[in-house]
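The structure under discussion appears below in the form of structure tokens.
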Amino acid sequence: MPLEDDFCDIVKKARNGQGLSVGDVARMTGLPGGDITALERGDQPKDRAEVRALAEALGLRPASLEQIALDKWEPVVQQMPPWVEMVQGSVGGYGVQGYILHDAGEAVFVDTAYNAPAMLDQLRRRGLRLLGICLTHGHTDHAEGIDQILERYEVPVYLGPEDMELLGWRPRRELLVVPDNDLMIGFGRRMLRCMTTPGHTPGGICYCADDVQVPVCFVGDTLFAGSIGRSNPRDLYATHLTSVRDRVLTLAPEYRLLPGHGPATTVEEELEHNPFGTRH
């Protein structure tokens, strides 16, 4: 699976997140504004000096940005743990991922993959009892279809309250649960730990399964392999970076990170290769 974001996406997200114009970046780097615009539209950088100049101006890690732009880094393929099943959906051709977590006949959903019928079908095929819907945030591609699920299974819906207005359809108030930091959600013999990570949206949540053998964090759009989601609204950019650097990337290095788009990765790989990570 290719990276969710290319060099052009990373540069644009960093520039927009800081409220910089192309002209601002041109003055900061000495690069022609036309060249920067072309790079943001997908042109290949000329050399490492150009990549490094942009990285320094935008507060990104130069070596990591080079690895993505020029060395074509991709994360080591991560296999799903046996108790996790990924479900894929599509919004106008744009791929999105949700996850079914199951143990001892019980299950929870992490996001809906914009494909509630497939989530429900897998639940039926495996003979699982749904205990909850854990939403990483309220965007349509991650939350659409909760009404279809709740018609079949009246279960709690976990969502940061700041994201409630993003929902196209809202569950009854008594079904909504605020996933406060460190709230534990049980299924079978396993537990999910909620971790608040505002930035991509005001109410963003990641869900950690502190498994002894394969610890996993479901990161939604807080982080992608080699990148981050777009900060919505833009003034959450600094908050978003704090969530990535001080929450997600301080998990143990062996944690697998399962995002809403693009390939899985690990904390160890992102500490080395993510341009938005903590600068050394």
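The values are calculated or read from the model by the stated rules, or taken from the named source; none is laboratory data. Every value quoted in this text rests on a predicted model; they were computed, and no experiment measured them. Cβ: placed from backbone, ideal geometry, glycine included. Neighbour counts: every protein chain shown.
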* **Qualifying positions in segment 249-280 - of a type in the set (S, T, N, Q) and either surrounded by fewer than 20 Cβ atoms within 10 Å (Cβ to Cβ) or more than 26 Å from Asn16 (Cβ to Cβ) (or both)** => Thr250, Thr266, Thr278
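What do you reckon, is Val178 under 21 Å from the mean Cα position of the chain (by Cα) and either under 22 Å from Gly262 (Cβ atoms) or modelled with pLDDT under 95 (or both)?
Working: under 21 Å from the mean Cα position of the chain (by Cα): yes; either under 22 Å from Gly262 (Cβ atoms) or modelled with pLDDT under 95 (or both): no.
In short, no.
Just to be sure before I move on: is Leu20 surrounded by fewer than 18 Cβ atoms within 10 Å (Cβ to Cβ), in contact with a helix residue (DSSP H, G or I) (Cβ under 8 Å, 6 or more places away or on another chain) and of a type in the set (A, V, I, L, M) in the structure I sent?
Numbers: surrounded by fewer than 18 Cβ atoms within 10 Å (Cβ to Cβ): yes; in contact with a helix residue (DSSP H, G or I) (Cβ under 8 Å, 6 or more places away or on another chain): yes; of a type in the set (A, V, I, L, M): yes.
Yes; evaluated as a whole, the condition is true for this residue.
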* Asked: Out of all the residues in segment 226-233, is one or more surrounded by fewer than 20 Cβ atoms within 10 Å (Cβ to Cβ), out of contact with any strand residue (DSSP E or B) (no Cβ under 7 Å at 6 or more places or on another chain) and modelled with pLDDT under 95?
  -> yes
* Hits in segment 111-133 (condition: of a type outside the set (S, T, N, Q), assigned to a helix (DSSP H, G or I) and touching a residue at least 12 places away in the same chain (Cβ under 8 Å)) -> Ala116, Pro117, Ala118, Met119, Leu120, Leu123, Arg126
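Does any residue of segment 189-212 turn out to be without any contact (Cβ under 8 Å) to a residue 24 or more places away in the chain, in a strand (DSSP E or B) and surrounded by fewer than 17 Cβ atoms within 10 Å (Cβ to Cβ)?
Yes, because at least one residue in segment 189-212 is without any contact (Cβ under 8 Å) to a residue 24 or more places away in the chain, in a strand (DSSP E or B) and surrounded by fewer than 17 Cβ atoms within 10 Å (Cβ to Cβ).
Select from segment 54-78 the residues that are assigned to a loop (DSSP other than H, G, I, E, B) and either more than 17 Å from Pro263 (Cα to Cα) or touching a strand residue (DSSP E or B) at 6+ places or on another chain (Cβ under 9 Å) (or both) and list them in ascending order. Working first, answer last.
Our first condition is that a residue be assigned to a loop (DSSP other than H, G, I, E, B); within segment 54-78, this holds for 59-61, 70-78.
Scanning segment 54-78 gives Gly59, Leu60, Arg61, Leu70, Asp71, Pro75, Val76, Gln78.
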* Asked: Could we say that Val108 is surrounded by 15 or more Cβ atoms within 10 Å (Cβ to Cβ), touching a residue at least 40 places away in the same chain (Cβ under 8 Å) and in a strand (DSSP E or B) here?
  -> yes
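How many residues are of a type outside the set (A, V, I, L, M, F, W, C) and touching a helix residue (DSSP H, G or I) at 6+ places or on another chain (Cβ under 9 Å) when one looks only at segment 125-173?
Here is the first cut: in segment 125-173, the ones of a type outside the set (A, V, I, L, M, F, W, C) are 125-127, 129, 132, 136-142, 144-145, 147-148, 151-154, 156, 158, 160-163, 165, 168, 170-173.
From what's left, touching a helix residue (DSSP H, G or I) at 6+ places or on another chain (Cβ under 9 Å): 129, 136-140, 144-145, 147-148, 152-154, 156, 163, 168, 170-172.
Going through segment 125-173 one residue at a time, the tally reaches 19.
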